[in-house]
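Only one structure is covered here, and it is reproduced in the block below.
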Amino acid sequence: MSQLLEVSGVSVTFDGFRAINNLSFSIGAAELRAIIGPNGAGKTTFMDIVTGKTRPDEGSVRWGDMSQSLLKLNESQIARAGVGRKFQRPTVFEDQSVYDNLAMALKKDRTPWGVLFSRPQPADDTRIRELAEEIGLAEQLDRKSGELSHGQKQWLEIGMLLAQEPRLLLVDEPAAGMTLAEREHTTDLLKEAAKTRAVVVVEHDMEFVRRLDCKVTVLHEGSVLAEGSLDHVTKNQDVIDVYLGR
Ligand SMILES: Nc1ncnc2c1ncn2[C@@H]1O[C@H](COP(=O)(O)OP(=O)(O)O)[C@@H](O)[C@H]1O
Ligand SMILES: [Mg+2]
């Protein structure tokens with residue numbers, strides 16, 4: 001099977017410091033992948049490169065069936081090509097209901113004013129309810145988003161990204177600040193989302209990564225140190241030395 005995203009030989013230097021060093025990474029069209037590694041390993045920078053926020057000095061980033069180069073696209077073109085990214089801090093509209101946040105996300109390509117003042121269409125209503133079900137907020141649709149728990153806000157934001165139907169979803173440290181029950185729900189949600197798209201999750205919480213039950217890529221000093229099942233990589237002596245053993 002051909003890969004959805006193929007990053008190869010990518011390097012990025014910030015003021016003489018090589019944050020990403022000849023990195024290669026690929027993921028299939030319906031695959032869940034965890035990325036782990038010590039602070040400063042380049043995990044967030046990797047996501048910045050894929051989303052077009054940071055331009056590599058060398059290497060290639062190829063996308064989709066036509067192996068299109070993402071390096072030729074700007075951030076909004078990459079988002080439109082099907083790359084969605086969730087940041088650590090939720091960016092939901094706190095004064096709006098869960099329903100309205102999802103409705104706005106469905107119409108994101110329209111003008112902001114049109115989004116605010118147009119009424120949801122029946123097809124949108126069905127989709128909004130499906131999304132709410134998928135993220136576990138079906139009972140919260142009428143609630144103001146600002147009243148949700150931290151975890152619920154994170155799920156809402158994932159739902160808002162799913163509304164855009166990305167082919168690749170990038171999620172940076174979703175478990176931070178979540179209760180155990182919220183973390184469990186989040187793993188379920190991400191596993192479900194990865195049945196129909198590629199999902200890359202950066203996460204420090206090893207129990208969370210274990211529950212994801214997927215292939216793991218270990219980054220260190222901007223390169224892939226090890227890759228495979230969690231059991232495989234956690235037995236790797238290099239991984240123990242630079243990450244787990246500390
Ligand atoms: N815009 C930037 N300018 C300068 N240095 C940066 C920039 N972004 C990241 N870095 C550096 O690159 C390295 C990798 O950072 P990052 O990708 O955030 O690591 P991680 O997410 O794995 O903790 C770090 O040493 C960080 O300080
Ligand atoms: Mg980071």
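The values are calculated or read from the model by the stated rules, or taken from the named source; none is laboratory data. Predicted model, so just to flag it, every value in this text is computed and none were measured. When we count neighbours, we look across all protein chains shown, and the Cβ atoms used for this are built from the backbone with ideal geometry, even at glycine. Side chains included, ligands, DNA and RNA excluded: accessible areas come from the protein's heavy atoms. Shrake-Rupley method; radii C 1.70, N 1.55, O 1.52, S 1.80 Å.
Quick look at the values:
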{"item": "Number of the condition not met by GLU227 [criteria: (1) touching a residue at least 24 places away in the same chain (Cβ under 8 Å); (2) open to solvent by 50 Å² or more (accessible area, probe 1.4 Å); (3) not in a helix (DSSP H, G or I)]", "result": "(1)"}
{"item": "Strands (runs of 3 or more DSSP E) contained entirely in the stretch 1-113, each with at least 1 residues that are within 16 Å of ligand 2 (Cβ to nearest atom)", "result": "5-14, 17-27, 32-36, 83-86"}
{"item": "Search result, residues across the stretch 179-216 that are under 15 Å from GLN154 (Cβ atoms) and small (Gly, Ala, Ser)", "result": "ALA181, ALA193"}
{"item": "Residue check for THR179: open to solvent by 40 Å² or more (accessible area, probe 1.4 Å), out of contact with any strand residue (DSSP E or B) (no Cβ under 8 Å at 6 or more places or on another chain) and of a type in the set (S, T, N, Q)", "result": "yes"}
{"item": "Selection count, the stretch 185-215, where residues are away from ligand 2 (no atom under 16 Å from the Cβ), in a strand (DSSP E or B) and open to solvent by less than 10 Å² (accessible area, probe 1.4 Å)", "result": "2"}
{"item": "Complete set of residues in the stretch 1-36 that are more than 15 Å from ligand 1 (Cβ to nearest atom), farther than 20 Å from ALA81 by Cβ and buried (at least 21 other Cβ atoms within 10 Å of the Cβ)", "result": "LEU32"}
{"item": "All positions within the stretch 37-95 that are closer than 18 Å to ALA176 by Cα, open to solvent by 80 Å² or more (accessible area, probe 1.4 Å) and within 13 Å of ligand 1 (Cβ to nearest atom)", "result": "ASN39, PHE87, GLN88"}
